[in-house]
Amino acid sequence: MQTTRRRVLFSLLAIGSCPMSAAVADDAYPNRPIRMIVPYAPGGSTDFVARILAQRLSEKLGQQVFVVNKPGAATMIGLDLVAKSPPDGYTIGIANIALGANPSMFTQLPFDPQKDLVPVSLTVTLPLVLAVNSSFPAKSVRELIALAKAKPGALNYGSAGNGSATHLGSELFKYMTGTDIINIPYNGGGPAIMALIGGQVSMVLSSIPAALPFIKSGQLVALGVSGSKRNPALPDVPTIAEAGVAGFEVSEWQGIVVAKGTPRAIVDRLNKAIVSTITAQEFRDQVATGVGGEVVGSTPEELAKHIADELARWPKVIKAAGIKAQ
């Protein structure tokens, strides 16, 4: 009798540890709240998009998705938390342009961007606009390049800080045009725009919403947008590639990632919910109006390729610029 009981017990243990039990757990996902880690302080474009995404995902998944802000170390504090969380889909994180740049800026990372994070979906891209003060002598990208080459080191640009999209994008512009323009870092994009309006800097590669009111008022002049196509908010402004820098394209981007080891069934469930949420017209309109962003929506494999491309593109630019983490 005792032998029979043992056999039954071992059989039950075996059933509990087999892949079927994991499949049942995956099928039940999600059955409790999900935290979304935003690696920045509240406010700003990343936090804005995350909060409207969290609200709509809560409705889609039937469980609360709540935002947790974990700023610091160029997004690494927040994303390290994601990388080291249980691989169960209940902690998801926002990755952005810093994920591709950080390995070239820091001598040591607390996690591997490709090995320790699993891509879920690319969500939005946020093109930038290259703007100058209305009194600045150059009124086109070509004129700006000519002026910068005629006066190496005489021009400067305002950025939102070390390693930001405005910083990296401006250094890419310098790299591709062979110009010497000095970075003046500010504590955010807003102060950089104010410095441009005040004439303290020559140019700013800014988020579109931050610069748009001043472009419309005539205080700033938009020379080009940084995306692959013209932006609906500035339909008459050419892309920087169109305006004279062939192949130039850079945008702030945001994507959802989870911890290594998260079951593919959970990744697919999240991906389906995210893509369905962000491609809805109301979400598109909120992102376009709020931060000048463009909705993407991708497969996990497409986001993985995007991250790989970003990791490959920034080392030469960062090395040429001598950018170091601060």
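Does segment 263-326 come out rounded, prolate or oblate, given a ≥ b ≥ c as the square roots of the eigenvalues of its C-alpha gyration tensor, rounded meaning a/c under 1.5 and, failing that, prolate meaning a/b above b/c? Oblate is the answer for segment 263-326, as a/c is 1.5 or above yet b/c matches or exceeds a/b.
Distance distribution P(r), segment 127-225, all Cα-Cα pairs, bin width 10 angstrom from 0: 18, 57, 25, 0 percent.
The simple spin-label model puts a point 7 Å past each Cα toward its Cβ; for K60 and D236 those points are separated by 3.7 nm. For D309 and L109, the difference between the fully extended length at 0.36 nm per residue and the C-alpha to C-alpha distance is 70.1 nm.
Given N residues in the chain, what is its alpha carbon radius of gyration divided by 2.2 N^0.38 Å? It would help to have the intermediate numbers written out before the result.
Numbers: Rg = 22.8 Å, N = 326, 2.2 N^0.38 = 19.8 Å.
This ratio for the chain stands at 1.15.
Taking 0.36 nm per residue of sequence separation and removing the Cα-Cα distance, the A320/E301 pair yields an extension gain of 3.8 nm. For segment 127-225, the residue among S134, I181, S202 whose Cα projects farthest onto the positive side of the dipole built from Cβ charges is S134.
Find out how many positive minus negative residues lie around L147, taking Lys and Arg as positive, Asp and Glu as negative, among other residues whose Cβ is under 15 Å from that of L147. Write down the numbers at each step before the final one.
On the way: positive: K139, R142, K149, K151, K174; negative: E143, D180.
Surrounding charge for L147 is +3.
Across segment 192-326, how large is the tail of the calculated P(r) beyond 18 Å, expressed as a percent of all Cα pairs? Roughly 68 percent, once rounded to a whole number.
A helix-only calculation puts the chain at -14500 deg cm²/dmol for mean residue ellipticity at 222 nm, using -39500 (n - 2.57) for each DSSP H run of at least four residues, averaged over all residues. For a straight C-alpha distance cut-off of 17 angstrom, the lysines reachable from K151 (same-chain residues fewer than eight places away being disregarded) are K139, K174.
As a calculated quantity, the FRET efficiency between R264 and A150 at R0 = 41 Å, using C-beta atoms, amounts to about 0.15. Is the shape of segment 40-188 best called rounded, prolate or oblate, per the rule: a/c under 1.5 gives rounded, else a/b larger than b/c gives prolate, else oblate, with a ≥ b ≥ c the square roots of the Cα gyration tensor eigenvalues? It comes out prolate by the Cα gyration axes.
Every read-out reported here was derived from the displayed coordinates using simple, explicitly stated rules and does not represent laboratory data. Please read all numbers here as calculations on a predicted model, not as lab measurements. Backbone-built Cβ (ideal geometry, glycine too); neighbour counts: all protein chains shown.
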